[in-house]
Amino acid sequence: MKAVYASTINNDSPLAALAVGDQPEPITRQYWSTVSVRAVSVNHHDIWSLKGVGLSAEQTPMILGTDAVGILDEDIPGKHGLKAGSEVVLYTFIGTDGNGVAPGERRSILSEKYPGTMAQKTSVPSANVFAKPANLTTVEASALGTSWLTAYSLLFNAAGIKPGDSVLIQGAGGGVSTAAIQLAHAAGLEVFVTSREAEKRTKALALGANAALEIGARLPRKVDAVIESVGAATWSHSMKSVRPGGTIAICGATTGDQPGAELTRLFFQDIRVQGSTMGSREDFARLLRFVEHANIHPAIDSVFAGLDAAPQAFAKMVSGDVFGKVVIEL
């Protein structure tokens, strides 16, 4: 089958390690299900994999991709409503609760240990297959896995914020930040957003942000929580912007992971820092219900036709000139 994969790893030039070509179809595993993929989104995780973060040269070739929407190939016994031909979205965090893996197996995301989703077919534990929200198109639904689940978990678990609270979301434009804006607005939060680019600030306001400021700008008041995925470039601003006793929830560090810790401010103001990687299967189920009931439509930056367009889609992601998700439609 045709697939997008890491042929090797290359930290200096990750796109040089990207390949499109034939790869083996998913192997049959007990309690796993196969899906014919219809659309998949590109994530920073895919770029990091090409650089060798979480993926060694010995593990290549490895099919990339951590999100997918598609058509279920076979009935899932005992799972009401999910029959062959159903439109489904996938929870691609493997080993978090033992479904479909050996006891004690370390958790992983598809494309780390098991082949990813950027292929004509992919496979996940059957418990990880969910019906596609009825309000979303195939392209929109492809965004829900990594970025949207991470944003949901950051807001409502790691940060623990509630309707009526305020939140600062650093770095408008990326998949996590745009998802966080939309989810926070739908949940009744006061949303502040930062970006270096005026166009992205304008788009953030259109998604539901109450205010959009330049990175580093002083907020009208301190917020209950900060959603941080930028890292070194925004860390000091995040520390200064959260109220005493508030939380900084962090899922990434795209500008570097070694900022000054500002430990005095951290302990003197009782600030809590909570890391988060994606979320639980239960979180994913709640996210799907929330998106459908609130009729939220993920922001899509661009759509590329066919797996052969993967190099262009990846180049778009690497450029940083995105607002929302980059999607490959099969």
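With both bridge residues required to lie in segment 70-217, what share of the DSSP beta bridges run antiparallel, to the nearest 5%?
Of all bridge pairs located within segment 70-217, approximately 45 percent are antiparallel.
Over segment 128-247, what is the mean sequence separation of C-alpha contacts under 8 Å (at least six apart), divided by residue count, expressed as relative contact order in percent? Show your work: numbers first, answer last.
Numbers: 193 pairs, mean separation 28.4, N = 120.
RCO, segment 128-247: 24 percent.
Seen against the Cα atoms of the chain and their longest principal axis, helix 175-186 is set at about 70 degrees. When Rg and the Kirkwood Rh are both derived from Cα coordinates, the Rg/Rh ratio for segment 1-159 amounts to 0.96. Rounded to the nearest 20, the size of the Cβ-charge dipole of segment 132-214 about its Cα centre is 100 debye, with Lys and Arg at +1 and Asp and Glu at -1. Please report, as a whole percent, how much of the solvent-accessible surface of segment 157-198 comes from carbon and sulfur atoms (probe radius 1.4 Å). Result for segment 157-198: 49 percent of the exposed heavy-atom area is carbon or sulfur. 3J(HN,Hα) couplings calculated from phi for segment 278-293 with the Karplus curve 6.51 cos²θ - 1.76 cosθ + 1.60 (θ = phi - 60°) are, in sequence order, 6, x, 7, 4, 5, 4, 4, 4, 5, 4, 4, 5, 4, 4, 6, 5 Hz; Gly and Pro show x.
DSSP beta bridges confined to segment 182-300 are antiparallel in about 0 percent of cases.
Other residues lying with their Cβ under 15 Å from the Cβ of Glu112 contribute a combined charge of 0, Lys and Arg counting +1, Asp and Glu -1.
Between Ala180, Phe314, Thr8, the Cα set farthest toward the positive side of the dipole of the chain (charges on each charged residue's Cβ, about the Cα centre) is that of Ala180.
Which of rounded, prolate or oblate describes segment 221-317 when judged by the alpha-carbon gyration tensor and an a/c cut-off of 1.5? It is oblate, given that a/c is not under 1.5 and a/b is not larger than b/c. Helical content alone sets the calculated 222 nm signal of the chain at -6000 deg cm²/dmol, taking -39,500 (n - 2.57) per DSSP H segment of four or more residues and averaging over every residue.
Of the beta bridges in the chain, as assigned by DSSP with both residues counted there, near 55 percent are antiparallel. Taking the Cα atoms of segment 79-237, the ratio Rg/Rh between the radius of gyration and the Kirkwood radius comes to 1.03.
With an a/c value of 1.5 or above and a/b not larger than b/c for the gyration tensor axes a ≥ b ≥ c computed over the alpha-carbon atoms, segment 260-330 is described as oblate. Of the residues Thr146, Pro103, Phe130, the one whose Cα sits farthest towards the positive end of the charge dipole of segment 85-147 is Pro103 (charges of +1 on Lys and Arg Cβ, -1 on Asp and Glu Cβ, taken about the Cα centre). Do any of Lys51/Lys240; Lys132/Lys325; Lys2/Lys203 go past 24 Å between their Cα atoms, and which? Beyond 24 Å between Cα atoms: Lys51/Lys240; Lys2/Lys203. Computed with a 1.4 Å probe over protein heavy atoms only, the accessible surface of segment 187-330 comes to 47 Å² per residue.
Over all orientations, segment 1-63 has a Cα convex hull whose mean projected area works out to 4.9 square nanometres. Over all other residues within a Cβ to Cβ distance under 14 Å of His185, the charged ones net out to -1, with Lys and Arg as +1 and Asp and Glu as -1.
Taking amide H as placed 1.01 Å from N in the peptide plane, Ala39 has its amide H under 5 Å from the amide H of Val69, Leu330, each at least 5 places away in sequence or on another chain.
Give me the percent of Cα-Cα pairs in the chain that sit more than 28 Å apart, rounded to a whole number. The answer is 39 percent, as a whole percent. As an equivalent ellipsoid, segment 28-84 spans semi-axes of 29, 14, 9 angstrom, where each value is the square root of five times an eigenvalue of the C-alpha gyration tensor, largest first. Per q in 0.13, 0.21, 0.27 1/Å, what log10 I(q)/I(0) does a Debye calculation on the alpha-carbon atoms of segment 206-272 return? Listed by q, the Debye log ratios stand at -0.35, -0.91, -1.35.
Explain nothing, just the number: relative contact order of segment 226-287, from Cα pairs under 8 Å at least 6 residues apart, as a whole percent. Normalised by residue count, the contact order of segment 226-287 is 36 percent.
In the chain, Cα pairs under 8 Å separated by at least six residues give a relative contact order of 18 percent. Think of each Lys and Arg Cβ as +1 and each Asp and Glu Cβ as -1; about the Cα centre, that makes the dipole of the chain roughly 700 debye.
The values are calculated or read from the model by the stated rules, or taken from the named source; none is laboratory data. From a predicted model like this one, the values you see are computed outputs, not experimental measurements. Using ideal geometry, Cβ is built from the backbone for each residue, glycine included, and neighbour counts are taken over all protein chains shown. To get the accessible areas, we keep the full protein, side chains included, count just its heavy atoms, and leave off ligands, DNA and RNA. Shrake-Rupley method; radii C 1.70, N 1.55, O 1.52, S 1.80 Å.
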